[in-house]
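**Student:** Right, I'll just put the structure down here and ask away after.
The values are calculated or read from the model by the stated rules, or taken from the named source; none is laboratory data. What you see is a predicted model, and the numbers here were worked out from it, not measured in a lab. As a convention, Cβ positions derive from the backbone with ideal geometry for all residues, glycine included, and neighbour counts pool all protein chains shown. For the accessible areas, the whole protein counts, side chains as well, though only heavy atoms, and no ligand, DNA or RNA atoms are used. Shrake-Rupley method; radii C 1.70, N 1.55, O 1.52, S 1.80 Å.
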Amino acid sequence: QVQLVESGGGSVQAGGSLRLSCTASGYTESYDAMGWFRQAVGKEREGVGSVWTDGGIPNYAPAVKGRFTVSLDKAKNTLHLQMNRLKPEDSAMYYCATGRPSSISGGNWDPAADHWGKGTQVTVSS
């Protein structure tokens, strides 16, 4: 089993930055990918950015590419999401997830992740 705890959310003005963190504990050998997803009020959950635990180029949703950066600190089992030049449309609950997807594209996984954190809220004001 894997436990995921997110932190770092908050309220910022448009153009500002936030850094989210997700720390994994438990059986951390049970997954080979970690990623961030988000769900805004009245919207479906969508992928944001993900990375393979053994390395490789991170995968991002088109809406955040060039503004967000995913990085993995393997020594601390912690996934980060650096968010720059935030926009009001980035406002959402952000979730960390792990699993063993066969593929990752546009921040979305196939199959879906199987472990999820409880989320951290990000609010961007215009």
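**Student:** For Val5, state whether it is in a strand (DSSP E or B) and open to solvent by less than 20 Å² (accessible area, probe 1.4 Å).
**Tutor:** no
**Student:** I'd like to check something: does segment 21-40 contain any residue that is more than 10 Å from the chain's Cα centre (by Cα) and basic (Lys, Arg)?
**Tutor:** no
**Student:** Looking at Ser50, Ser11, can you tell me which residue is of a type outside the set (D, E, K, R), surrounded by fewer than 21 Cβ atoms within 10 Å (Cβ to Cβ) and either closer than 21 Å to Ser125 by Cα or modelled with pLDDT of 95 or more (or both)? Can you show your working first?
**Tutor:** Numbers: Ser50 fails: surrounded by fewer than 21 Cβ atoms within 10 Å (Cβ to Cβ).
That would be Ser11, the only listed residue that is of a type outside the set (D, E, K, R), surrounded by fewer than 21 Cβ atoms within 10 Å (Cβ to Cβ) and either closer than 21 Å to Ser125 by Cα or modelled with pLDDT of 95 or more (or both).
**Student:** Let me confirm something: among Val41, Val64, which residue is under 18 Å from Ala113 (Cβ atoms) and either of a type outside the set (Gly, Ala, Ser) or open to solvent by 50 Å² or more (accessible area, probe 1.4 Å) (or both)?
**Tutor:** Val64
**Student:** Which residue is least open to solvent (accessible area, probe 1.4 Å), if the candidates are limited to segment 92-125 and must be touching a Gly at 6+ places or on another chain (Cβ under 7 Å) and aromatic (Phe, Trp, Tyr)?
**Tutor:** Among those that are touching a Gly at 6+ places or on another chain (Cβ under 7 Å) and aromatic (Phe, Trp, Tyr), it is Tyr94.
**Student:** Something else about it: Need pairs with beta-carbon distance below 6 Å; first residue on the phi > 0 side of the Ramachandran plot and within segment 8-35, second among the small types (Gly, Ala, Ser); sequence gap 6+ or separate chains.
**Tutor:** Gly8/Ser21
**Student:** If you don't mind, there's one more thing I want to ask. Output the residues belonging to segment 78-106 that are under 14 Å from the mean Cα position of the chain (by Cα) and closer than 21 Å to Val2 by Cα.
**Tutor:** Within segment 78-106, Thr78, Leu79, His80, Leu81, Met93, Tyr94, Tyr95, Cys96, Ala97, Thr98, Gly99, Ile104 qualify.
**Student:** Can we say Thr123 is among the polar types (S, T, N, Q), modelled with pLDDT of 95 or more and more than 10 Å from the chain's Cα centre (by Cα)?
**Tutor:** For Thr123, the condition - among the polar types (S, T, N, Q), modelled with pLDDT of 95 or more and more than 10 Å from the chain's Cα centre (by Cα) - is met.
**Student:** Examine segment 63-74 for a residue that is at pLDDT below 95 and of a type in the set (Lys, Arg), and state whether such a residue exists.
**Tutor:** Within segment 63-74, one or more residues are at pLDDT below 95 and of a type in the set (Lys, Arg).
**Student:** Also: Pull up segment 19-34, narrow it to residues that are open to solvent by 30 Å² or more (accessible area, probe 1.4 Å) and assigned to a strand (DSSP E or B), then point me to the one that is nearest to Asp73 (Cα to Cα).
**Tutor:** Thr23
**Student:** Would you mind telling me which numbered condition in (1) open to solvent by less than 30 Å² (accessible area, probe 1.4 Å); (2) part of a loop (DSSP other than H, G, I, E, B) Gly55 fails?
**Tutor:** Tallying (1) open to solvent by less than 30 Å² (accessible area, probe 1.4 Å); (2) part of a loop (DSSP other than H, G, I, E, B), Gly55 fails exactly one: (1).
**Student:** Name the residues in segment 81-110 that are among the hydroxyl-bearing types (Ser, Thr, Tyr) and in a strand (DSSP E or B), would you?
**Tutor:** Once the filter is applied, which keeps residues that are among the hydroxyl-bearing types (Ser, Thr, Tyr) and in a strand (DSSP E or B), segment 81-110 yields Tyr94, Tyr95, Thr98, Ser103, Ser105.
**Student:** Please go through (1) under 25 Å from Gly16 (Cα atoms); (2) outside any helix (DSSP H, G or I) for Ala113 and return the number of the only condition it doesn't satisfy.
**Tutor:** (1)
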